[in-house]
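Enquirer: Questions regarding the structure given below will be posed in turn.
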Amino acid sequence: MSRFFGGYSSSESESESSSDSEIEIMPQSTKPQQAPTSRFASSALDLSDSDDDNDTRVVKSKAEKLYDEIKASSKKIHSAVKSDKWTIVTQEFDKIVKSFDKYKKSKSKQPDNKPYFRALVDIEDALVNADKLRDAKSMNANESRARNQMKQRIVKHNSKLKAEIKEYRENPMESDAEDDKKDQEVPQTKQAAKPAARGASKWLKSAAASDSSSSESEEEESTDSEGDSESETGSETESESDSSDSDAGPQKKEANRWLKSSKSTASKASVKKERKVSAPAKALKAEVRPDGEDEDDGFTVVGKGGRSVQGPVVSAETLNKHLAEITQSRGKKNTDKRESLQLLERLYGVAINPVQKVKVLLILISIYFDFIPPNGYMDISAWKKSANHLNELFAILEENAQITVSETAEISDESDLRYDGSPIGLRGSIISFVDRLSDEFTRSLQTIDPHTTEYVDRMRDEILIYTITVRAQIYFENADLKDGLGRAVIRRIEYLYYKPDSVNATVMKECMEALPKNIESKITPNSLVNDPKETLHRLCAYTYKNSQAIQRTRAMLMQIYNHALHDRYYIARDFFLMSHLQESVQRAEYADQILYNRALVQLGFSAFRLGMISASFTHLQEIMTTNRYRELLAQGIPAQRGQQLSAEQEHVGKLRQVPFHMFINLELLECVYLVSSMLLEIPAMAAAGSNAEARKKSLSKTFRRLLDFNERQVFTGPPESTRDFIMAASKALATGDWDQCSDYINQIKIWNLIPESDNIKDMLLGKIKVEALRTYLFTYSAHYESLTLGFLVDMFSLTSQQVNSILSRMIYNEEIEASLDEVSRTVVFNHNNVEPSSRLHQAALALVDKATNMVDSNERVFELKINGGQTLSERQQNSEYNKNDNERSNRGQGSNNRGQQNQRNQRNQGNNRNRRNNQQHQQQQQQQHHHHQQQKQPQQIASTA
């Protein structure tokens, strides 16, 4: 009989059971069996019933369904964020927002919002770290566009849920594994009793239970042993199914041979799918950071054929080989930089001598700079790790002085496994590492928002980079590397020149504590730790003697800046004049021109603090005459009218700026310039008086333009800004009201930013009194015959000696025409050539001129109107006479013409006769004179004899 319709024989079942060593053979059931004809049908029917009984149906509410949707979307967002699938993130974000809105409206007893906030936090954190973890070029255009859209949407959405997100961050959601495990735990519910009519299902209850237990064990085993091969998992599942069939009895076993369990099939399919997806998923999930940490979660990489891929063998013997491979592969298109970084970390761990460690560190530090994005700055964690590696390199070189690293060292092919401590040179550039770390530190400060705590935290790393620079200087001194030493010294000057001595002393003290105790610089010994002025002087002196022209120029400008910062104005001015930098600065580089402008502004500040107003105005005028002083000081992005800068131009402009903590206060700069202009321009305007040509000549066009604009205002309110206060003070100074002018100047709040502001205000008060006295004398001297010195002393609160000195200087410079009487202590004014000074006098003279012109014009009009003063009858007679005369002249015009021609002919003939007569008369006179001379000649000869 066919085996399909009959039961298995004992020999077949024994052979099948014995083939699997792991399955325990259970005794067959002794319950009665039904007829073979109905046995298959009943067993098949009972199987469907048993499946229906075991697969419990759970009825869920609307809130529970919405919660499942939120949870599923949250998981998808969590996985999509890790693999940078932002299109999926955008779609799921829309779904989860809609589902969450419905979920909030539903009446749920225990609402759970953690999956929703977990998705929001995942998106927010991923967007914050997106630019730092991945390169912008590696992302697809659609994904990049979706990420930018999501960045705008998530900021707007999360701004309304700040409190809830903060609460979630304090108590985050548990991991997916634990969450899924809880979901798999089905609560025990009361099941209704099934009718006993289904007799065949009783035989299959134990089999169904065994099937469910075996499927659960299969799922647990498949999740626990993902790395096993497919054949092993298949054998285990078959053995478990056979054992469960043996427990259920021959009927269940016979039917299950030809009926495939859906649960076991699903579990096998899921295991296969997990195996296929595991390798690429692990490659995407294992986010290897630039710091070398490997998050593989215990997985092994599987290659073709299911074989595990083993990493390279790392040892001291293969170290040079791996270093050569990494060096050759750098810069190529398909090179995995993170893999190279991990390999170098492992190589550094197996290095057995200092030479090998130095070789690995030289490449390891340079690899960190390959992760810098093109339009960003180096990640701060990677920057700190590379700085720590550089400190390790210095420690090895300091302990092994026979090892030198230079750019000109020859590459040796000798093995370094048995290094015996002999002198050896390795090729590398330590100063380039120092320069690159310094540049990335500056670039990060240029990019970070200066008004956040992140900028302050980043500023704390300045001591670390300064310590590295000092350590590099000491190493180059000991190794006698001139080029690297000069660059390290100039870097050190850049960190010191713009700070006050008190801050530099603190920085140098912290640096001295961080350095090893057994090293000391020859240029700046440890005894100068409390003398920043001498330290900076020695560094600059070394640069002047041993460095190139560009470095000398920068050192000179930075030393000038430092001298001016500490009010050593005359030293700074002498350096500035002796260097002749103003002649060649137009041909210098952009950074040097910025440094020149900054030093010039600091010179102006120094002169102003010392009371040299004219010198301060001269230094600041070159910068402030244009509206581009922000760009000239590298504190703003240059913008042109009517044009909007592109993102690339704006990024380049930001990189040209100096960091925010090095900014010069532009409001203070404008205040100092305008106050200096006021103290010089107002007396000059008063001295010009009514002379139009003299008034056109202005010292400061910027100040004159602001003053004219302020005077044209119809209604002027109380001053608010710095400009308003200075313009109000200028008007008061023009009238000689020094008290009101001083009050306006002292109300400017910007003076509080200057150290020792009280001394600055006292200095300005004295300058305002002097200029007010000069302005008063220029304006009102025409109204006085003489003034006593006591009157001027009381009016301007000056000493008698000061007033005497001011008057003597003005008289000597011929600014006023006066004489000083020492006996009576008066000043006597000379009004011989005094021009009208007051506006009233000028207006009166102009009015007199206009009145005179008007009278003259009226007289001429009157004479023309009355025709010389004739009466009406006389004018009528004259008109009739003129009329008759015209008629006669018209009739006799022909005869008159002929008579006039005859008269002309007669006159010509008379003229000719007169001419002939004159000629004859002249000839007669000449003859008489000649005859008279001949008569006198014998008499003269006789007298001579």
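Enquirer: Per residue of the range 484-495, in order, report the coupling 6.51 cos²θ - 1.76 cosθ + 1.60 (Karplus, θ = phi - 60°) as ³J(HN,Hα) in whole Hz, putting x for Gly and Pro.
Expert: x, 5, x, 5, 5, 5, 5, 5, 5, 5, 4, 7
Enquirer: Still on this structure: By average Cβ neighbour count within 10 Å, what is the ranking of 536-547, 764-775 from highest down?
Expert: 764-775, 536-547
Enquirer: Return the FRET efficiency for the residue pair residue 705, residue 628: r is the Cβ-Cβ distance, R0 is 22 Å, and the value is rounded to the nearest 0.05.
Expert: For R0 = 22 Å, the calculated efficiency reads 0.85.
Enquirer: Quick check for you: with a 1.4 Å probe and neighbouring chains kept, what is the accessible area per residue of the range 707-784, in Å²?
Expert: I get 53 Å² per residue for the range 707-784.
Enquirer: Can you tally the net charge around residue 316? Count Lys and Arg as +1, Asp and Glu as -1, for every other residue whose Cβ sits under 12 Å from the Cβ of residue 316.
Expert: +3
Enquirer: Also: Placing one identical point scatterer on every Cα of the range 405-540 and ignoring solvent, what is log10 I(q)/I(0) from the Debye formula at q = 0.13, 0.14 Å⁻¹?
Expert: Calculated log10 I(q)/I(0) at the listed q: -0.65, -0.73.
Enquirer: Using the Cα centre as the reference, give the magnitude of the dipole from point charges on the C-beta atoms of the range 313-352 (Lys, Arg: +1; Asp, Glu: -1; all else neutral), rounded to the nearest 20 debye.
Expert: That gives the range 313-352 a dipole magnitude of about 220 debye.
Enquirer: With the cut-off at 21 Å, tell me which of the pairs 95/166; 65/160; 65/102; 82/102 have Cα atoms farther apart than that.
Expert: 95/166; 65/160; 82/102
Enquirer: Follow-up. What does the highest-first list of 729-735, 154-160, 441-447 look like by mean Cβ count within 10 Å?
Expert: Most protected by this proxy first, the peptides run 729-735, 441-447, 154-160.
Enquirer: Still on this model: For the full complex of protein chains and a 1.4 angstrom probe, list 785, 345 by accessible area with the highest value first.
Expert: From most accessible down to least: 785, 345.
Enquirer: A further question on this structure: Express in nm, to one decimal, how much length is gained between residue 780 and residue 517 on full extension, taking 0.36 nm for each residue of separation and deducting their alpha carbon distance.
Expert: 87.3 nm
Enquirer: Spin-label point model (7 Å from Cα, Cβ direction): what's the residue 102 to residue 927 distance in nm?
Expert: About 15.2 nm separates the two model spin labels.
Enquirer: Run through every distinct alpha carbon pair of the range 377-446 and return the Kirkwood hydrodynamic radius in angstroms, one decimal place.
Expert: 13.9
Enquirer: For residue 405, enumerate residues with amide H under 5 Å from its amide H, sequence gap 5+ or separate chain, H modeled in the peptide plane.
Expert: Answer set, sorted by chain and number: 426.
Enquirer: Separate question: Enter the accessible area per residue of the range 633-686 (Å², integer; probe 1.4 Å; all protein chains in place).
Expert: Result: 48 Å² of accessible area for each residue.
Enquirer: Now for a different question. So what does residue 461 come to for accessible area, using a 1.4 Å probe and Å² rounded to 10?
Expert: Accessible surface of residue 461 is approximately 20 Å².
Enquirer: In addition: Could you give the Stokes-Einstein D for the range 657-794 in µm² per second, using the C-alpha Kirkwood radius, 20 °C, 1.002 mPa s?
Expert: Stokes-Einstein gives a translational diffusion coefficient of 131 µm²/s.
Enquirer: Separate question: Looking at 561, 549, 590, which one has the Cα that reaches farthest to the positive end of the dipole of the range 488-618 (charges on Cβ: Lys, Arg +1; Asp, Glu -1)?
Expert: 549
Enquirer: From the phi angles alone, apply the Karplus equation (6.51, -1.76, 1.60; θ = phi - 60°) to the range 713-726 and give each ³J(HN,Hα) in whole Hz, x where the residue is Gly or Pro.
Expert: 5, 6, 10, 10, x, x, x, 10, 8, 5, 4, 4, 5, 5
Enquirer: Whole-Hz ³J(HN,Hα) for each residue in the range 597-610, computed from phi via Karplus 6.51 cos²θ - 1.76 cosθ + 1.60 with θ = phi - 60°, x for glycine and proline: what do you get?
Expert: 3J(HN,Hα) across the range 597-610, in whole Hz: 5, 5, 5, 5, 5, 5, 5, x, 4, 5, 5, 5, 5, 8.
Enquirer: Can you give me the % of accessible surface on the range 545-597 that is carbon or sulfur? Probe 1.4 Å, all protein chains present, nothing else counted.
Expert: Carbon and sulfur atoms account for 53 percent of the accessible area of the range 545-597.
Enquirer: Run the simple label-point estimate for residue 857 and residue 763 please: 7 Å along Cα→C-beta, distance reported in nm.
Expert: 5.7
Enquirer: I need the calculated FRET efficiency for the pair residue 316 and residue 128, taking r as the beta carbon distance and R₀ as 30 Å, to the nearest 0.05.
Expert: According to the calculation, E is roughly 0.15.
Enquirer: So how much accessible area does residue 577 have, in Å² to the nearest 10, using a 1.4 Å probe?
Expert: The accessible area of residue 577 comes to roughly 90 Å².
The values are calculated or read from the model by the stated rules, or taken from the named source; none is laboratory data. Computed from a predicted model, the values in this text were never measured in an experiment. As a convention, Cβ positions derive from the backbone with ideal geometry for all residues, glycine included, and neighbour counts pool all protein chains shown. All accessible areas refer to the heavy atoms of the entire protein, side chains included, with ligands and DNA or RNA removed. Shrake-Rupley method; radii C 1.70, N 1.55, O 1.52, S 1.80 Å.
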